[in-house]
1. From the phi of every residue in the stretch 54-60, what ³J(HN,Hα) in whole Hz does the Karplus formula 6.51 cos²θ - 1.76 cosθ + 1.60 yield, where θ is phi - 60° and glycine or proline is x?
2. How much of the pair distance distribution for the stretch 157-260 lies past 22 Å, counting alpha-carbon pairs only, in percent?
3. Amide H to amide H, which residues 5 or more places from Val57 or on other chains are under 5 Å from it, using H placed in the peptide plane?
4. So which lysines can Lys140 reach, going by Cα to Cα under 19 Å and dropping same-chain residues fewer than 8 places off?
5. Answer with one residue from Tyr351, Gly84, Ala143: the one whose Cα lies farthest towards the positive end of the charge dipole of the chain, charges on Cβ with Lys, Arg +1 and Asp, Glu -1.
6. Roughly how many nanometres apart are two label points built 7 Å out from the Cα toward the Cβ at Met300 and Arg111?
7. Can you list the GluC sites (Glu not before Pro) in the stretch 153-214 that are in a DSSP coil and have 15 or fewer other beta carbons within 10 angstrom?
8. Once label points are set 7 Å from the Cα along Cα→Cβ at both Asp237 and Glu23, what is their separation, rounded to one decimal in nm?
Amino acid sequence: MRDLFNPSEEHAALRRTLREFAEREVDPQAAAYDRSESFNVGLFKKLGELGVLGITVAEKFGGAGMDAVAAVIAHEELAAADPGFTLAYLAHSMLFVNNFYQNASDAQRSRYLPDVCSGKKIGGMCMSEPGAGTDVLGMKTTAARRGDVYVLNGAKMWITNGAVSDNELGDIFLVYARTGEKGVRSFSQFLVEKGASGFKLGQKLKDKLGMRASTTAELVFDGCEVPAANLIGQEGDAVGHMMRNLEIERLTLAAMSLGIARRSIEIMNRYASERHAFGQPIREFGQIQSHIATSYASWMAGRCYVYETAAHLDLAEGGHRIDSDGVKLFCATMGKEVADRAIQVLGGYGYVGEYQVERLWRDAKLLEIGGGTIEAHQKNLARDLARVSLLP
Ligand SMILES: Cc1cc2nc3c(=O)[nH]c(=O)nc-3n(C[C@H](O)[C@H](O)[C@H](O)COP(=O)(O)OP(=O)(O)OC[C@H]3O[C@@H](n4cnc5c(N)ncnc54)[C@H](O)[C@@H]3O)c2cc1C
């Protein structure tokens, strides 16, 4: 019988391994790292030992050689324990590793992938800028060829894994920059490592609402020189790289919302049996039943949409934009609303840290903004659907 969520024994084994790891290692540290607003680098490196940092990379380059469904399983399971930590995993494994693997040459892959698949180096992806987020092609960072190097100037904002601590830069980044004046072929993609001249940590952002267990940073390129060999693909290729990678980014961000929703449902479901009011468990009250039942049904609807989309998403090809926008549009708000209902079911106990749902709710909000705002998904979907005459 077809199992949409675990289509093969390999997928089921991955889910078992990650759920066990998440319960044993990720869950117990989540509240402390949220509180201290810091990134658990030691735990992150253990994901390298588990073999999931290069989950979509071919084994010959140090990866696990798995597919989009596997990536979804990993993000769903880890996010059920700690969405902040999972965001760091996503920025590394999807935004850097998968993006680089899909677009780099074999020589570049052989040189850089082993260290990021093992966790020796922690990666991130620099697209957004202080003045350009949704309007990403309005970016101002430039890269100009000077002999054997490209010189980058500009600043990138909101970069997950941009720092590993309050004042230490992350290790390795894919950076989008302008190499031309106008049009979609004016953008190129570069690999930039810590230690490149003129590459600096602008600031590690503090006081985030949620996702506090991942770092978010502003990175500065001040006459930053990178070897010409660090250009990924050809000059002008970057918008294609960006659009294709946004599909798996949005799918795995939606998978994080699934993890948040599942955990919230587990917590409210258990609490509704344990908590008594007016002489009976609160699950006897119709309004509490509505919170639980609506949450379960909307989680399962999102789950089916995400796994069905993942089953068809070929990582080497673009062309899944409608549903990669669609799953994130639906699941981001679904996850936030389910976490919100969990707080409501728990009453005052939901509003404090002990039962985790307040952290899940704070983390859930980011998914309506990062990787594309819900308004951006609505805009993209409405534009793309205008070109479709018959829906499947
Ligand atoms: C915690 C965190 C982690 C992040 N990690 C990364 C990362 O690793 N790498 C990276 O490159 N970026 C990252 N981002 C950036 C993220 O992708 C952007 O914040 C997001 O794309 C929105 O851009 P913006 O913040 O500039 O908002 P803006 O684009 O300025 O949007 C402001 C508001 O205007 C709306 N809006 C804008 N344009 C339109 C339009 N055409 N139609 C309707 N409404 C519109 C938006 O929906 C939003 O409501 C991260 C952000 C956060 C908060």
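Readers should treat all values here as calculations from the given coordinates under stated rules, not as data from a laboratory. Quick caveat: nothing in here was measured; it's all calculated off a predicted structure. Heads up, the Cβs are rebuilt from the backbone with ideal geometry, glycines too, and the neighbour counts pull from every protein chain shown.
1. Working through the residues one at a time gives x, 4, 9, 9, 4, 4, 5 Hz.
2. Value for the stretch 157-260: 42 percent of Cα pairs lie more than 22 Å apart.
3. Here the answer is Ala64, Gly65, Met66, since their amide H atoms fall under 5 Å of that of Val57.
4. Of all the lysines, those that pass the test against Lys140 - Cα under 19 Å, at least 8 places apart if same chain - are Lys156, Lys182, Lys200.
5. Of the options given, the answer is Ala143.
6. Placing both labels 7 Å beyond Cα along the Cβ direction yields 5.2 nm.
7. Glu181
8. Distance between the two pseudo-spin positions: 4.4 nm.
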